[in-house]
Every structure is written in C-alpha cells, then in structure tokens.
1. Spot the failing condition for GLY155; the list is (1) of a type outside the set (A, V, I, L, M); (2) in contact with a Lys or Arg (Cβ under 7 Å, 6 or more places away or on another chain); (3) surrounded by fewer than 18 Cβ atoms within 10 Å (Cβ to Cβ), and only one is missed.
2. Give the residue that is farthest from GLN78 (Cα to Cα), with candidates limited to residues of segment 18-61 that are modelled with pLDDT under 85 and outside any loop (DSSP other than H, G, I, E, B).
3. Can you report the number of residues in segment 109-145 which are surrounded by fewer than 17 Cβ atoms within 10 Å (Cβ to Cβ) and within 29 Å of the chain's Cα centre (by Cα)?
4. Only one residue in GLY106, GLY120, GLY96 is closer than 29 Å to VAL150 by Cα, out of contact with any helix residue (DSSP H, G or I) (no Cβ under 9 Å at 6 or more places or on another chain) and of a type in the set (Gly, Ala, Ser). Which one?
5. List pairs: first residue in segment 47-65 and over 15 Å from PRO84 (Cβ atoms), second residue of a type in the set (Gly, Ala, Ser) and modelled with pLDDT under 90 anywhere in the structure, Cβ distance under 6 angstrom, at least six positions apart or on different chains.
6. Consider only pairs whose beta carbons are under 8 Å apart and that are at least six residues apart or on different chains; among these, list those whose first residue lies in segment 123-140 and is among the β-branched types (Val, Ile, Thr) and whose second residue is in a helix (DSSP H, G or I).
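The values are calculated or read from the model by the stated rules, or taken from the named source; none is laboratory data. All of these numbers come straight from a predicted model, not from anything done at the bench. Note that we place each Cβ from the backbone using ideal geometry, even for glycine, and neighbour counts take in every protein chain shown.
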Amino acid sequence: MHTSWMVPLILASALSSAAAQQPGTAPGSRIRVTHSCRVPDDGSPRCYSRRSGLLWRHTGTLVGVRSDTLLLQIAEHQAEVHLPLASLRRLETPHGQKSRWATGAGIGLLAGAVAGGVIGGAIGASSDPDFAGLHALAGIILGAPVGFGVGAIAGSFFKTDRWVAVPISAMGPVDTHSGGKAYGISIRLSF
C-alpha cells in the first residue's frame with residue numbers, strides 16, 4: 001500500500017487543528033485594544049482624529065463587532081463600550097504568560113551594586129579611609145551579581161500576559177448575544 005499521500009494529509013490536518021486552537025477573538029474572548037477614543041465613566045467614548053496622537057488601551061471581553069463598531073465589555077464600566085472600528089490602532093489577544101525574571105534581574109543588579117558600594121564604602125571608611133574607594137568598588141563587584149540572582153528569582157514569580165497582535169482587517173461574520181448580525185475576527189496562518 002502506497003502511503004506517501006497520507007503524510008501531507010495528516011500534516012495539513014494537524015496544522016488546521018492547531019490553527020483552530022489558537023486563542024481567537026470570538027465573542028466572549030479577552031482582548032486588548034489600543035484606540036483613539038477616551039472612555040469616561042459613563043462608557044460613551046469620545047473619539048479623536050488619527051492626527052491627534054492620543055491613544056488609550058483597554059483590556060476587556062469582546063461582545064461582538066458590528067459593521068462599524070467594536071462592542072467591548074471593560075471591567076471598569078457597567079455597560080458595553082462601543083468603539084468605532086476607525087478608531088482602532090491595535091488589537092491583541094492573550095497567548096499564554098511570560099515571566100518577569102529579566103526585569104527582576106535588572107532591578108536586583110542595580111540594587112545589589114548600590115547596596116554593595118554603600119556597604120563596602122562604609123566598611124572601608126571605618127577601617128582604612130585611604131582605601132574607602134577600593135572597598136566600595138569591591139562591594140559593587142560582589143553586590144551586583146548577588147542582586148542579579150536574587151532579583152531574577154524574585155522576578156520569576158511575577159507573570160504577565162503575553163499579547164499577540166491580530167490584524168483588525170481579518171474580520172468575518174459571527175453571531176452575538178444580541179441576536180443581530182455582527183463580525184468577529186479570525187486568525188489565518190500561512191506557511
């Protein structure tokens with residue numbers, strides 16, 4: 001039995017199922033939107049022109065997309081927020097989480113170097129004032145890697161969402177809870 005035709009078929013099936021499992025932007029999905037509309041407490045946005053350079057970012061639950069409006073439920077607002085599609089600059093979906101170890105390592109490196117320098121300088125000033133600068137340098141050299149390590153470990157416990165940009169133009173029709181025709185966003189993969 002000749003099975004060479006089965007390999008592309010199985011590969012295509014695996015790729016299509018992987019693409020279907022990508023976090024999408026169907027109604028009920030969590031999304032992050034960067035747009036040019038200020039959203040006050042009452043939930044009715046005031047939009048500015050593209051040239052203004054004013055941008056806001058909101059994270060919320062996608063309710064749906066109508067012909068010219070994105071419906072978003074933002075945690076701070078009771079009602080749905082209606083954002084004009086023309087005001088959208090960036091649309092993102094969460095794709096797992098990432099650790100903040102590098103940020104922690106950087107902060108720890110700086111804190112360790114400063115603390116090591118202060119402690120080394122203080123010890124040097126009290127024991128031998130002529131070599132206080134050398135003691136401070138030794139404290140920096142010893143404190144920086146210790147701070148780096150402690151900061152990296154501490155930062156690894158803090159997780160943030162990893163956001164993936166989704167093209168705004170990739171919209172297709174979907175149904176929302178309102179029963180009317182709306183639009184959703186699909187993700188297309190091409191190899």
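1. That leaves (3) as the condition not met.
2. The qualifying residue farthest from GLN78 (Cα to Cα) is ALA18.
3. Final tally of qualifying residues: 2.
4. Within the list GLY106, GLY120, GLY96, the selection yields GLY96.
5. Within 6 Å, the pairs are LEU62/SER29.
6. From residues that are among the β-branched types (Val, Ile, Thr), the pairs are ILE123/HIS135; ILE123/GLY139; ILE140/ALA113; ILE140/GLY116; ILE140/GLY117; ILE140/GLY120.
Results for (1) in the same structural domain as SER67 (by TED's automatic domain parsing); (2) modelled with pLDDT of 90 or more, shown as yes or no for each residue.
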{"site": "GLY106", "(1), (2)": "no, yes"}
{"site": "PRO129", "(1), (2)": "no, no"}
{"site": "GLY149", "(1), (2)": "no, yes"}
{"site": "ALA170", "(1), (2)": "yes, no"}
{"site": "THR176", "(1), (2)": "yes, no"}
{"site": "GLY179", "(1), (2)": "yes, no"}
